[in-house]
Every structure is written in structure tokens, then in C-alpha cells.
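Following: one structure in C-alpha cells, then a few remarks.
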Amino acid sequence: MKIVKLKKDNLFPFLEAIKGDAELWAPVKKDDAKHTFQPVDDFSQIDLDYTRTILPPRKILLPAKFNMYQASKSEFTSDFSHISKKIIFGIHPCDIHAFLTMDKFYSYEIEDPYWLEARKNLVLLGHSCWPDENCMCKSTNTHVVEEGYDLFFTDLEDTYVVWIGSSRGDDLIREKPELFEEDLTDTDIQKFIQRRENRDKAFTTEINFAAMPDLMELKYNDALWEKLGDACLACGSCTNVCPTCNCYNVEDRPVLGKDFSNIQRCWDACTLENYSGVAGGENFREKRADRLKLWYTHKLQSYISKYGKPACVGCGRCVATCPVDINVKTVAQSLDGNEVDSFWDRLSKEVTK
Amino acid sequence: MNTENKITAQSNPFLPEPARIVRTYPLTDDVHFFQVRIADMEKALSFRYEIGQFAMISVLGAGEAPFSISSTPSRPGLLEFCIRRAGAVTSKLFQLKENDFVGIRGPYGNGFPVEKMQGKDILIVMGGLGAAPLRSVLLYCLDNRDLFGRIILLHGAKRPAEMLFRDELLDIKKRDDLEGYLTVDGDDTGQWTENVGVVTTLFPKLENINPENTVGVVCGPPVMYKFVLQEFLKLDIPKDQILMTLERRMKCGVGKCGHCAIDYIYTCLEGPVFSYWDVTHMRELI
Amino acid sequence: MSKNNDKKLKIGIYELTGCAGDGLLILDCEMELVDIFQAADIQSFLMAKSDNIDGELDIALVEGSVSTEREIEELKDIRKRAQVVVAFGLCATHGGIQARFSEEEWQKNLKEVYGDIEMSHTKAVHSKPIDEYIDVDLYLPGCPVSKDQFLNFLVRALGGSPPEVYPNPVCVTCKYNENDCLLLKGIPCLGPLTADGCGAICPNHNVPCYGCWGPAEGANFTSEFYLLQEKGFDMEAIKKRMANYSGTKLQEFFEKFKKESQ
């Protein structure tokens, strides 16, 4: 793989050079110190000192709501108008892994053009990160990326070491080759390796993901699930912030005064009450415990057999989001037989049913 | 990054094909029959499907929903559906008349394993709306009569007026290459000349079943499965030769929207047809 | 679009006890108003027109809670005339703020405010949602209902379909808007318990949701109750907050809860 160096002062000129008419999305700090991916024109808004954004970057490819097609009496017309050239700068390894998993998912058996077309129009510029106590990517083996990005920037104080991951990435460098240095010094290499080692040591959370498929199977009827079901607020947040969740609903929205409908695709979440309802009022998963089982089956078990790795990429967003502590970290630890101090474990046993 | 953005998706699997309702009439109070033809003649004839597959039907202003195909692929060109009024889509669909447009997408799902069924005796047990997918199986077997051994049909309904395809089946029953038994839970007409009792009361009538060479096919209301499966097992039909078709909520039909997931199986891709052996592995179903 | 008035949907919009905010919202759909009046035959809408007809209707939108005996009669008459009755806005769907009291408390309040005065034109009754008196076909909650919900209902109704209802909690939109969860900060937000549709307008501005769209389907009141208790709020404070907009629909829950915590 080709590796180059970029002085930090040269970052904005480089972004300026490659942006063109594309939309550049990058992490931006909100007032409350949390980060979100936002389209930026003023690069000074970019804040790379972040651990995770509230929503994962899949929102950039498939927004919460968009038109799939227009339906009239006897004609159906595709609508891809939400897709345009985009660059994501500052995306972390876990989220890049999530994109790779979603690529497989959306190509499985039948291709989903809404994801794949958006993906073709996307440039991914990754950025190194530092773990906090909720990062589980070392356990899911998604803390480093070998593929899936065009360029990957590793922060070495005053410079970036830039790995070129695709021929398109190489082309981007060629837009302004004078900003880059070709040769890495021994000191650079030492710094890079030292950083990697220090980062590996900084992970404080270890989850035994290899054991999860068996544990999910063995503990499918464990009392744990009832406890989780009693505590779950069914707010759908764990699902909405998960970078590998993909469920959606379709709505037919007629346009007032016109004779056509917009057929809209909008995010859905299997943890929500209405998700498994069918016409006629029956609901296949009325119990919160059953819906949680489905979600955790998908995160900890099912993708392994189909795509070779768990759906969870260890980003820790569900940990940072759930008000009642139901997340991959606590659930996996409990399944593994550990004592977990969490709201759902303290919740009164005599809760009103 | 200044190259012009062109969407190149050749075919969009989510886009329905305009189709016209050719015929529609009530089968019962709340179940209507729809015969539909894709408007583009070439596409209508090249719409290939397997028995047990389903299609998505969309109705302008109401939405889209999955329906089992009730016609047989051995009679191409027209698609037939047997639909119960249940939600927004079907309510609007019931208001439509002949020559009105709907959208069709599909076919989706795995369908019945026809090759494995060939040469076998086929025992079809259907109740209520279970007739929607299994009529396709029945007609297919009859259209390809030489490919199968015995064909046995057990069909149950609550009352004579609620029996789907009653006249068609009474007619088919007269054939001498088919063993057909129809039953109703109760006869409120006094005109019913067939069996009275739940569908399992028909099983004692079956003679000389060779279980190793029999494929049992069942579809009906949830309560029916349990009892029919017991009867199949009593006959010693192997679990992987017992086939059933399951219904779930679906929004895409192509394994993307997630709604039909049972455990980690997407019923729209790996189903809706499962063997009893498959189903014993699917925890959420039991 | 049909120019023939006979073929248009006949719609009546009625106001019982409430702030009339839901009717006002219809008038606030300024960009769509011409289309609305062109597409539908608005037979009765006191706030918008004077030539109101009380005849047969395809759809009646009823706003407000039932708070007087005359309103009971009026409501029953609307039911007789309309094919479809829609509870329009929180007061109609849940009773609204005026329905937050138990029958006992209400009697006491009435006496305190009006004393023993005999009402001349109609008698006040304990405020209730409209489904306490008539069958309701559709519920469009909200305080007020949102434009999006109303317009979606209307366009689907014009085509002969019920609206797509997604009874998700406020948290869903709140998360789409990438708000940091207020519950995590120890702020008593009712987002998980409340029907969505407002666009999470309060949490968007760091103000906790106070439940003005009424309870979401399948909401877990018990868990949120314990969660708020753990965050240091006492039972009365939580109850007050939760009961504000849930009208009569949560009273049973609170009774049960009270018994268990005693």
C-alpha cells in the first residue's frame, strides 16, 4: 500500500482542492459537546477531536426519510435525487467497517440501488481515533481498517501519515501532490508504531464476542431477557444509532392537489412496538423482551454465519445512548456471566406488569 | 470530484410494474379474487414464478403489501390472488374494479421445492386463507399430473359460505385422478353434502398412505398448524417432507427492510416455504 | 380533480371544549388552504366560514373534550351524521389538560370555582375524551396536531385510504435530530412515553418533553417511573408530570402504581 505524509497545515488546502462541487461531511461539535456529521463549507467547523458521533454516518447515504419513487396511476418513476457526490472526512475505523458490512448486506441476493449508487458517489477519508471506556472495536476486531477507505489519516501530532486505500484515493493525492511528502522518516515510523501500541493499550473494555453466538443460543430463554424487557423504554434509540441497522418502512404519501404519490422510505427500528405488526392488528413481537432478543440475535450472532463477522462493530453508540443501560456492552457481559451494575439490574422485581 | 453525477442503476428492484385488474369478484364476504395482468404484454408473459412464491401489490395512495400468488405458473400471462380485507392497502384494493391499475413486483420468496416433490404422493391440507398459496400447488400438480403420484386434497372452512374456491374445488373433486375431501366446521345452510367437522376429522378417511413417499403441504390459520402437523407425524411422514408457508409483515420482499425477520432468517428470501424440520430450528415460531 | 361538489368528500370540523388550536392549525396551512377547499367540500367549520350546514358527512373532525351536557348531545348528533369520526387533537383523543383530574377532584374544583350557582344553559360534566361517549374511527393526537399529520390524513382520506399511523415515541425523531438524550442528563423528559409527531420540538431546544401528544402505544411507564425515581424525583412530581396531558387514559395505571408502592 502506498503511504504519504501531510503536514497538518496542508489539510484544509487539500480538502479545498478535492472538494469541487461535492458535499463534504465531517464531524462538527454541537453546543452540548457531542459530535454529529454535518456538511461543511467552512472547514474551521470541523472538529476531529471526537470519539463517536450521535448518529452513524449511514445517515449521509440513506437519510431518515427520502423518496424512492413516484407513483401515478399507471407509471412508476425512480427517484435518486437524494444521491449526489459526497465526501466523508474524519470517519473512524469502526464506521468504515460498518460500511463494509452494509455493502455486503445491501448486495446480498438482490442489490439495493439506493445504497449502492450512493456508495459509488462517496469518497471516504478515514481518520485515526482514540478509545474511551465504551469503545469495543478491539473486541470486534474493527479497530483497524485494511480496506474500505480512499485515504486514511493517522494523526501524528504535527503531521498525518496518509494511507492510500484505493486508486481513487491516489487520484485525489494527485490533485495537489505538492502538499504531500513521499518519504516517511524512521522517526515517523517509530511514532506511528508507538501510537498504535499505546492505542491498543488504551482499550479498557473487552468483550468476548467469539462466545456470543453460542451464548445467545444457550441463554435464549434466560430470565435476563425478561428483566431487559421490563426495563426497556422501547424508544428505538439503540437501533437508530447503530451503524449496521438497516430496517426501514415504506409510506405512500399522496401529494395534495396532484394525482401522484411519493413513495417514501423511512428508517424503522425492530425495537419499536409497531415494527412487527401486520394488517389486521396482529403483532408478532408485542413483548419488548422478544424485540430485544431479535436485535441482539442480529448484533451478536446472525451476521457471523452469513458475513463472517458480527454485525456489531464496537462503536459504543448504543452504550452512550440507552437511558436504561441496555446495550451491547452490558448485555454481552451479562450473557458472559458477569455481574453488571446497570439500571435494568437494579429495577424493582415487583414492577407493575 | 467534478465529474457529473449520473445515476446508472439499470433496474430498480423496488419499482413496481404497472398492471391491470382483469377480473375481480368476491369469494366470501371479506375475501376477494383478483386476476391481474402486467400491462406490458412481453413482461406479462415473461413473469416467471414458482408455486408458493409471492408478489408485492401496490395500490396508489394506499401503499404496498405482499400476497401469495394463487395461480399456477403452468398457466402464464395472468396472475391470480386471493385477498382478505385487513388493512389500508387491501381496503383500497377492494374499491378497485376491472381495468383499474395496480403495481406488481416480484416474484419473491423460495417457493415450493417442485423437483423434490416430483414422483411423490402430494397431500395438501388447507384451511381458510391457506387456500391462497396452496391453490397454486394444487393446480400446478394437476396441470403436471404425470409428474406426481397420488394427489390428495383436504380443505376446511368454518361454514360453506366461507369456503374459498368452493365451487372450483367441488368441481375438481369430481376428477378420478384426485382424492378430494372438503369439510366445514358447521353447516348453517342445510345444503352441505360434504363432511362436517374440523379438517383433522378428514384424516381417518385417508387410506394406504406411504409416508416415505408422501409430501405433506399445509397452510391455514395458526391454530390449524399444530393439529395438522400432529396428524402428519401420526402418519409417519418425515419432518423434512412436511412443507408449510408462513406469513409475515414485509415492506420490500428482497431482504432489505428487515420486517419479515424471524431470528436471523429473512422469510422473504429463505421462505415463505419452510419444512417442518426447518421450523423446529426457528425459535421465534414455537 | 372533480369540479362536481357532489363527488367531493363532505367534511365537517367541530370544536368542543379546548383552545381551538387544532382548527387554527388547519387555517395555518396557508400554502395548502386553496387546495384543501378545492379538493374537499367543507360543510361546517365555524372558525373559517359562516354558511355552515349540519347534514350528512363523510368525515367529521372533532376537536376538544366533552365538558358539558350540550356537547354530549352535539357529539352524538355528529356521530349519527358522519361516516367516519376522527378525534382531532389531544383534547378529543385523551381529554386534554382539563381531563387530568379524577371525578372526585373535579367535583371539588367545580364547587371551589363556581360554588352552588345553577348553570342556566347547560350543565358542566367531568371532561372526557370523545370516545367515552361515541365510537371513534381514527385518532389524530397532538397539542396541536401537526400540519404534516393533518395533511397526510387529508390526502389519504381524499383517495379513500386511512392515514399511515406510526405510533412511535418522540425519541425516534429526537434521535434523528441528533439531540443528546435529556434523560441521560437527569432531566425528566417524557420522550419515551409520548407519541411522536411534534418533531421533538422541545428536546430540540433542550426542553424536556412534557407529553403533549399523549401516551405512545406500548410506552413503558413503569420503567420510566423507576428511572426518574432513581434520578431523584419523588412520586408526586413524576405523577404530576406524566398526568398533565394523558387525561383519563393513565388514571388506572396510577391507581395500580399507588397501591403497589404503599
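The values are calculated or read from the model by the stated rules, or taken from the named source; none is laboratory data. All values reported here derive from a predicted model rather than from experimental measurement. Positions of Cβ are generated from backbone atoms using ideal geometry, with glycine treated the same way; all protein chains shown enter the neighbour counts.
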Q.
I need every pair where a residue in the stretch B:194-222 that is within 12 Å of B:Leu182 (Cβ to Cβ) and in the same structural domain as B:Gly128 (by TED's automatic domain parsing) has its Cβ under 6 Å from the Cβ of a residue that is surrounded by fewer than 16 Cβ atoms within 10 Å (Cβ to Cβ) and among the charged types (D, E, K, R), sequence separation at least 6 or different chains.
A. B:Val196/B:Asp187
Q.
Condition (residue is crowded, with 20+ Cβ neighbours inside 10 Å and of a type outside the set (Gly, Ala, Ser)) applied to the stretch A:275-282: is it met by at least one residue?
A. yes
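Based on what the data block shows, is A:Val340 over 29 Å from A:Asn67 (Cα atoms), in contact with a Phe, Trp or Tyr (Cβ under 6 Å, 6 or more places away or on another chain) and either surrounded by 22 or more Cβ atoms within 10 Å (Cβ to Cβ) or of a type in the set (A, V, I, L, M) (or both)? Lay out the reasoning, then the answer.
On the way: over 29 Å from A:Asn67 (Cα atoms): yes; in contact with a Phe, Trp or Tyr (Cβ under 6 Å, 6 or more places away or on another chain): no; either surrounded by 22 or more Cβ atoms within 10 Å (Cβ to Cβ) or of a type in the set (A, V, I, L, M) (or both): yes.
Considered against the rule, which asks whether it is over 29 Å from A:Asn67 (Cα atoms), in contact with a Phe, Trp or Tyr (Cβ under 6 Å, 6 or more places away or on another chain) and either surrounded by 22 or more Cβ atoms within 10 Å (Cβ to Cβ) or of a type in the set (A, V, I, L, M) (or both), A:Val340 comes out as no.
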Q: All but one of (1) within 13 Å of chain A (Cβ to nearest Cβ); (2) modelled with pLDDT of 90 or more; (3) surrounded by fewer than 19 Cβ atoms within 10 Å (Cβ to Cβ); (4) in a loop (DSSP other than H, G, I, E, B) hold for B:Arg248, so report the exception by its number.
A: (2)
(Q) Yes or no: the stretch C:121-142 includes at least one residue that is free of Cβ contacts under 8 Å to residues at least 40 places away in the same chain, surrounded by fewer than 18 Cβ atoms within 10 Å (Cβ to Cβ) and assigned by TED's automatic domain parsing to the domain that holds C:Lys80. (A) no
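Report, by residue number, each residue of the stretch B:117-128 that is in a helix (DSSP H, G or I) and touching an Asp or Glu at 6+ places or on another chain (Cβ under 9 Å).
Taking the stretch B:117-128 as the starting set, the residues that turn out to be in a helix (DSSP H, G or I) are B:117, B:128.
The answer is B:Gly128, and nothing else.
Please go through the stretch A:264-314 and give me each residue that is among the polar types (S, T, N, Q) and touching a Cys at 6+ places or on another chain (Cβ under 7 Å), ordered by number. Working first, answer last.
First pass over the stretch A:264-314, keeping only residues among the polar types (S, T, N, Q): A:264, A:271, A:274, A:276, A:283, A:297, A:301-302, A:305.
Result: A:Thr271, single match.
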**Q.** From the options B:Asp40, B:Asp29, residue that is more than 26 Å from A:Glu117 (Cβ to Cβ), more than 10 Å from chain A (Cβ to nearest Cβ) and more than 16 Å from the chain's Cα centre (by Cα)
**A.** B:Asp29
Q.
Which condition from (1) part of a helix (DSSP H, G or I); (2) farther than 17 Å from A:Ile54 by Cα is the one that A:Thr239 breaks?
A. (2)
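Condition check ((1) assigned to a helix (DSSP H, G or I); (2) at negative phi; (3) aromatic (Phe, Trp, Tyr)) across all residues:
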residue: B:Gln230; (1), (2), (3): yes, yes, no
residue: B:Met244; (1), (2), (3): no, yes, no
residue: B:Gly253; (1), (2), (3): no, no, no
residue: B:Trp277; (1), (2), (3): yes, yes, yes
Q. Can you name the number of the only condition in (1) assigned to a helix (DSSP H, G or I); (2) surrounded by 13 or more Cβ atoms within 10 Å (Cβ to Cβ); (3) among the β-branched types (Val, Ile, Thr) that A:Thr205 fails?
A. (1)
Q | Pair list, Cβ under 7 Å, 6 or more apart: the stretch C:143-160 residue more than 11 Å from chain B (Cβ to nearest Cβ) and closer than 24 Å to C:Tyr245 by Cα, other residue of a type in the set (D, E, K, R) and part of a loop (DSSP other than H, G, I, E, B) | A | C:Leu151/C:Glu32
Q) For residues in the stretch B:129-152 being part of a helix (DSSP H, G or I) and more than 11 Å from the chain's Cα centre (by Cα), which is surrounded by the fewest Cβ atoms within 10 Å (Cβ to Cβ)? A) B:Asp146
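Looking at C:Asp54, C:Asp35, which one is farther than 29 Å from C:Ala243 by Cβ, surrounded by 14 or more Cβ atoms within 10 Å (Cβ to Cβ) and either modelled with pLDDT under 95 or polar (S, T, N, Q) (or both)?
Numbers: C:Asp54 fails: surrounded by 14 or more Cβ atoms within 10 Å (Cβ to Cβ).
Testing whether each residue is farther than 29 Å from C:Ala243 by Cβ, surrounded by 14 or more Cβ atoms within 10 Å (Cβ to Cβ) and either modelled with pLDDT under 95 or polar (S, T, N, Q) (or both) leaves just C:Asp35.
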Q: Tell me, yes or no, whether the stretch A:73-95 has at least one residue that is exposed (fewer than 15 other Cβ atoms within 10 Å of the Cβ) and either in contact with a helix residue (DSSP H, G or I) (Cβ under 7 Å, 6 or more places away or on another chain) or touching a residue at least 24 places away in the same chain (Cβ under 8 Å) (or both).
A: yes
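Filter the stretch A:141-172 for residues that are of a type in the set (D, E, K, R), at negative phi and more than 18 Å from the chain's Cα centre (by Cα) and give the result.
Result: A:Asp155, A:Asp158, A:Arg168, A:Asp170, A:Asp171.
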Q: Give the number of residues within the stretch B:218-228 that are under 18 Å from the mean Cα position of the chain (by Cα) and either among the polar types (S, T, N, Q) or outside any loop (DSSP other than H, G, I, E, B) (or both).
A: 7
Q) If only one of A:Leu15, A:Leu11, A:Leu55, A:Leu48 is more than 19 Å from A:Val123 (Cβ to Cβ) and among the hydrophobic types (A, V, I, L, M, F, W, C), which one is it? A) A:Leu55
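One line per residue, one yes/no per condition, for (1) assigned by TED's automatic domain parsing to the domain that holds A:Asp158; (2) in contact with a helix residue (DSSP H, G or I) (Cβ under 8 Å, 6 or more places away or on another chain); (3) polar (S, T, N, Q):
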position	(1), (2), (3)
A:Ile193	yes, no, no
A:Asn221	no, no, yes
A:Leu224	no, yes, no
A:Lys227	no, yes, no
A:Leu256	no, yes, no
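Tally the residues that are within 13 Å of chain A (Cβ to nearest Cβ) and over 23 Å from B:Met250 (Cβ atoms), restricting the search to the stretch B:88-125. Lay out the reasoning, then the answer.
Filtering the stretch B:88-125 down to residues within 13 Å of chain A (Cβ to nearest Cβ) leaves B:88-94, B:96, B:99-110.
Next, from what is left, pick out any that are over 23 Å from B:Met250 (Cβ atoms): B:99-100.
Total meeting the criteria: 2.
Please pick out the residue among A:Ser276, A:Ser261, A:Ser302 that is within 8 Å of chain B (Cβ to nearest Cβ), in contact with an Asp or Glu (Cβ under 9 Å, 6 or more places away or on another chain), more than 30 Å from B:Pro222 (Cβ to Cβ) and among the small types (Gly, Ala, Ser).
On the way: A:Ser276 fails: more than 30 Å from B:Pro222 (Cβ to Cβ); A:Ser302 fails: more than 30 Å from B:Pro222 (Cβ to Cβ).
From the options A:Ser276, A:Ser261, A:Ser302, the qualifying one is A:Ser261.
Residues of the stretch C:106-144 being hydroxyl-bearing (Ser, Thr, Tyr) and closer than 23 Å to C:Val84 by Cα, which ones? Walk me through how you get there before you give the answer.
The first filter runs over the stretch C:106-144 and keeps only residues hydroxyl-bearing (Ser, Thr, Tyr), leaving C:114, C:120, C:122, C:127, C:133, C:139.
The answer is C:Ser127, C:Tyr133, C:Tyr139.
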Q: Test each condition in (1) part of a helix (DSSP H, G or I); (2) free of Cβ contacts under 8 Å to residues at least 60 places away in the same chain; (3) crowded, with 18+ Cβ neighbours inside 10 Å for A:Thr154 and report the one that comes out false.
A: (1)
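Please tell me if B:Gly258 is surrounded by 19 or more Cβ atoms within 10 Å (Cβ to Cβ) and within 14 Å of chain A (Cβ to nearest Cβ).
Details: surrounded by 19 or more Cβ atoms within 10 Å (Cβ to Cβ): yes; within 14 Å of chain A (Cβ to nearest Cβ): yes.
Yes, satisfied.
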**Q.** Single residue of the stretch C:198-232 satisfying the filter (under 25 Å from C:Pro144 (Cβ atoms) and loosely packed, with under 15 Cβ neighbours inside 10 Å) that is nearest to the other protein chains (Cβ to nearest Cβ)
**A.** C:Asn206
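Name the strands (runs of 3 or more DSSP E) wholly inside the stretch A:1-84 in which the number of residues that are out of contact with any Cys (no Cβ under 9 Å at 6 or more places or on another chain) and within 11 Å of another protein chain (Cβ to nearest Cβ) is 3 or more. Full working, then the answer.
Details: elements: A:2-7, A:23-29, A:35-39, A:65-71, A:76-78.
Where strands (runs of 3 or more DSSP E) fall fully within the stretch A:1-84 and carry at least 3 residues being out of contact with any Cys (no Cβ under 9 Å at 6 or more places or on another chain) and within 11 Å of another protein chain (Cβ to nearest Cβ), they are A:23-29, A:35-39, A:65-71, A:76-78.
If a residue has to be within 14 Å of chain B (Cβ to nearest Cβ) and of a type outside the set (A, V, I, L, M, F, W, C) to count, how many in the stretch C:161-170 make the cut? Lay out the reasoning, then the answer.
Going residue by residue through the stretch C:161-170, those that are within 14 Å of chain B (Cβ to nearest Cβ) are C:161-166.
Those still in the list that are of a type outside the set (A, V, I, L, M, F, W, C) too: C:161-164, C:166.
Going through the stretch C:161-170 one residue at a time, the tally reaches 5.
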